[in-house]
Amino acid sequence: MAVELTVAEVRHVARLARLELSAEESVHVAGQLSAILDHVEAVRALDLEGIPATSHPLELVNVLRADEVRPCLTREEVLGGAPAVEDGRFAVPRILGETP
C-alpha cells in the first residue's frame with residue numbers, strides 16, 4: 001500500500017514545523033516523505049509475533065579484561081623515575097614555569 005502525501009499536506013506539516021519551503025521543495029519533500037511512510041508501512045506489515053523487543057540487534061559483550069589484583073611497582077620504584085621528590089611524593093612547581 002503506497003502512501004502518497006499531497007503538496008498541501010507537506011505545506012501544512014512544514015508550517016507546523018515553522019519551515020519555509022518553496023513550491024519545488026514541497027514537491028521534492030512530498031516524494032521523500034511518501035517513501036519514508038512506505039517503509040514504515042512495510043515494517044508494520046511484518047509478522048513480529050513471538051519476536052522479543054531488543055535495544056540492540058547484536059548481543060553486546062564486555063571486551064575488557066577481568067579486574068584482578070596483580071603485583072605492581074613499589075612507591076620507591078615509581079618515585080625513582082621522578083625528576084623531583086619531596087616527602088615521599090612527586091614534587092611539582094607551584095606555578096607553571098617555576099622550578100621545584
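All of the numbers you see were taken from the coordinates with simple rules; none came from a lab. Since this is a predicted model, take the numbers as computed values, not measurements. Because the Cβ atoms are built from the backbone with ideal geometry, glycine has one as well, and the counts that use them run over all protein chains shown.
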Query raised in the report: Which of the helices (runs of 4 or more DSSP H) contained wholly in the chain include at least 2 residues that are in contact with a helix residue (DSSP H, G or I) (Cβ under 8 Å, 6 or more places away or on another chain)?
Result: 7-16, 23-44
Report task. Search the range 10-26 for residues that are over 19 Å from residue 37 (Cβ atoms) and pair each with any residue that is part of a helix (DSSP H, G or I) when their beta-carbon atoms are under 9 Å apart and the residues are at least 6 apart or on different chains. Result -> 20/14; 23/7
Query raised in the report: Can we say residue 63 is free of Cβ contacts under 8 Å to residues at least 60 places away in the same chain, of a type in the set (Val, Ile, Thr), surrounded by 11 or more Cβ atoms within 10 Å (Cβ to Cβ) and farther than 24 Å from residue 2 by Cα?
Result: no
